[in-house]
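The values are calculated or read from the model by the stated rules, or taken from the named source; none is laboratory data. Keep in mind that what you see is a predicted model, and the values were worked out from it rather than measured. We place every Cβ from the backbone using ideal geometry, glycine too, and count neighbours over all the protein chains shown. Heads up: the accessible areas ignore ligands, DNA and RNA and are worked out on the full protein's heavy atoms, side chains in. Shrake-Rupley method; radii C 1.70, N 1.55, O 1.52, S 1.80 Å.
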Amino acid sequence: GINFAITAVGEDLVTPDPNADGDGTIDPGEKLRLTITIQNDAGADILPTGRFELLVGGPTENPQLFQRKYMPRDILGAVPAASHTFNVPAFWTLNYVGDYPGGAGGPFPPATVRAPFYTSSSGWAPDIQVLEVTGLMGVANTLSTASVPGAGYLQLNSVAGFADDDYIVVDRLGANPEYYKVYDVDAVNNRLSFGRLDTGSSSNDFGTGDLEFAPWVRVAHAAAVAVEVVTINATLVEGVDYTVDAANGQISTLAGANWVGANPILVSAVTDFVMPAIYRNGYTRQTMQDGSMGSWIGLPIQDGTYGVKVGGSMTFSVVPPRTLGTGTDDTSYNEASVISAGGSFLVGSATTLGTYPPILLSSATNCDDCHGVPGERMVFHSRRAGAEYCWTCHGTARFGTGSPVAGTRFMRKMIHGYHMGRNLTFASIFEGGRAEHIGFPMFPGGPKHCDKCHGNSSHTQPIERDHPDQVVPYKKYATVCLSCHDSTGAQAHADLNTAPSGFEACVACHDPGSIYNVELVHKNR
């Protein structure tokens with residue numbers, strides 16, 4: 001077994017964080033420090049030999065995942081310990097820090113920008129990337145709509161000529177030029193998407209691409225601003241062309257031979273996570289919906305309960321005895337953990353600590369009644385066990401892309417759709433047809449048995465998920481109900497009962513106590 005627990009989480013008062021005010025809550029701009037334990041089922045301290053993963057999200061009212069990353073196991077040390085304390089790390093990627101000054105060089109950026117930088121000595125490798133922007137490729141277009149800070153893509157009038165892995169600059173001649181690397185060119189929607197930063201497979205569980213892709217827009221740019229492809233000099237060598245002051249988060253340029261000229265410098269590094277001021281895209285490419293489906297990207301962080309979670313796995317081999325021949329019959333296995341216990345923290349002026357992530361079931365083990373081996377927790381992705389782990393990622397408002405139906409991989413759409421399975425009107429479309437063979441076998445009435453999963457009355461009325469600043473109201477009925485009722489008629493019914501303002505009239509018939517309330521119409525007869 002492998003069991004993670006978070007025994008302490010809060011401000012960094014040890015290093016210390018210069019922004020920490022010691023009030024016991026995490027405010028935007030403050031770092032997040034945690035203490036964890038890792039033990040086997042017998043209570044002995046162990047280290048993971050497989051994946052080691054960390055996630056941050058919230059609030060409980062409408063979770064938004066804005067930090068997800070595989071962690072290098074090296075930061076835990078070489079031997080098991082009773083506890084491990086560290087700051088939550090983050091990637092500080094493709095940041096413009098000034099132009100190369102020429103001559104003997106000098107420090108870029110000032111030490112106050114971000115500190116510390118984590119290096120190979122602390123488990124992070126590759127740890128620093130310094131790039132020089134040397135010119136323009138001649139490929140350019142303009143933003144069709146204003147860029148949204150926190151979003152994972154840019155919307156252009158045309159993406160003709162742009163290609164995956166291009167380096168681009170937004171508003172090169174403006175006050176706040178921004179640099180990105182293109183992960184995906186969407187020619188249908190004229191969209192340039194940024195990278196997914198969970199592609200690592202090395203012994204440290206992250207790859208060289210982790211520092212290459214800035215995962216979200218950092219500054220708002222107006223429509224019609226230019227987006228241009230740039231050329232990059234990636235031959236700069238530490239100790240020859242620049243030095244690194246890791247403790248102070250500072251890069252100093254040297255008079256090395258690899259510099260081309262007085263050009264912009266980009267720095268990528270691993271540093272400390274700080275609580276953002278707005279909700280943003282996570283470290284995977286997540287669909288940014290408007291507020292009608294619950295996404296709060298670009299909106300201010302709200303007070304409330306948030307959570308940091310860790311999890312991982314053990315890999316091991318079983319070697320049976322051989323009496324004939326040579327060689328071995330090794331069989332590899334993977335032991336997955338459930339998501340860590342603990343880890344909830346308060347943000348802003350919130351005073352009541354809730355549970356994160358929120359699970360709208362009477363018990364998280366309800367899923368195991370059908371899916372689990374007796375006495376054990378169900379395992380998905382081979383490295384994650386238990387429904388609590390599922391909720392940490394997929395319980396967020398916008399998790400996942402790549403599906404024919406964009407955004408179906410968050411719980412309210414995904415789980416209902418899969419359990420409806422072959423009873424969907426368009427089962428061949430949902431998740432590329434992967435639900436076509438699924439039937440709900442437990443009772444007559446099949447997926448109408450909401451009580452089988454929920455075990456309580458949480459299904460009788462969808463939760464309100466409106467942010468105070470969102471323009472379009474959350475469609476609490478359409479978002480959930482159309483995941484099962486996916487026919488064109490059901491869609492038209494929802495559309496006809498939604499006002500031009502975006503507010504739904506569903507409550508007139510489907511709220512508790514109404515003539516066709518949710519509990520009544522799902523009752524098996």
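Filtered by the rule that a residue be open to solvent by 70 Å² or more (accessible area, probe 1.4 Å) and in contact with a Phe, Trp or Tyr (Cβ under 8 Å, 6 or more places away or on another chain), the stretch 375-392 gives a lone residue, F380.
Check A224, A247, A220 and return the single one that is open to solvent by 10 Å² or more (accessible area, probe 1.4 Å) and at positive phi. Of A224, A247, A220, the one residue that is open to solvent by 10 Å² or more (accessible area, probe 1.4 Å) and at positive phi is A224.
Being over 30 Å from S144 (Cβ atoms), surrounded by fewer than 21 Cβ atoms within 10 Å (Cβ to Cβ) and without any contact (Cβ under 8 Å) to a residue 40 or more places away in the chain is a property that V240 has.
Of all residues in the stretch 470-487, exactly one satisfies the criterion of being among the aliphatic types (A, V, I, L, M) and under 18 Å from T396 (Cβ atoms), namely V480. Among the residues of the stretch 461-505, the ones that are of a type in the set (D, E, K, R) and either closer than 22 Å to A427 by Cα or open to solvent by less than 30 Å² (accessible area, probe 1.4 Å) (or both) come to 4 in all. Only residues that are more than 22 Å from S362 (Cβ to Cβ) and crowded, with 16+ Cβ neighbours inside 10 Å were counted across the stretch 426-460, and they come to 6.
The set of residues in the stretch 264-315 being charged (D, E, K, R), within 29 Å of E504 (Cα to Cα) and at pLDDT below 90 consists of R280, D290.
Scanning the stretch 141-154 for residues that are over 23 Å from P276 (Cα atoms) and surrounded by 17 or more Cβ atoms within 10 Å (Cβ to Cβ) yields N141, L143.
Results for (1) small (G, A, S); (2) within 27 Å of L496 (Cβ to Cβ); (3) part of a loop (DSSP other than H, G, I, E, B), shown as yes or no for each residue.
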position	(1), (2), (3)
T425	no, yes, yes
G432	yes, no, no
C453	no, no, no
H459	no, yes, yes
P462	no, yes, yes
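Being in a loop (DSSP other than H, G, I, E, B) and of a type in the set (D, E, K, R) is the filter; apply it to the stretch 360-379 and report the residue that is nearest to G455 (Cα to Cα).
R377
For first residues located in the stretch 474-493 and over 22 Å from S295 (Cβ atoms), partners that are open to solvent by 20 Å² or more (accessible area, probe 1.4 Å) and lie 6+ apart or on another chain with Cβ distances below 7 Å form the pairs S487/T425; A490/L482. Does A8 satisfy the criteria of being part of a loop (DSSP other than H, G, I, E, B), open to solvent by 20 Å² or more (accessible area, probe 1.4 Å) and of a type in the set (G, A, S)? Spelling it out, it is not the case that A8 is part of a loop (DSSP other than H, G, I, E, B), open to solvent by 20 Å² or more (accessible area, probe 1.4 Å) and of a type in the set (G, A, S).
Could you check the stretch 243-267 and list, in sequence order, the residues that are under 18 Å from S121 (Cβ atoms) and touching a residue at least 40 places away in the same chain (Cβ under 8 Å)?
Scanning the stretch 243-267 gives V244, D245, A246, A247, N248, G249, Q250, I251.
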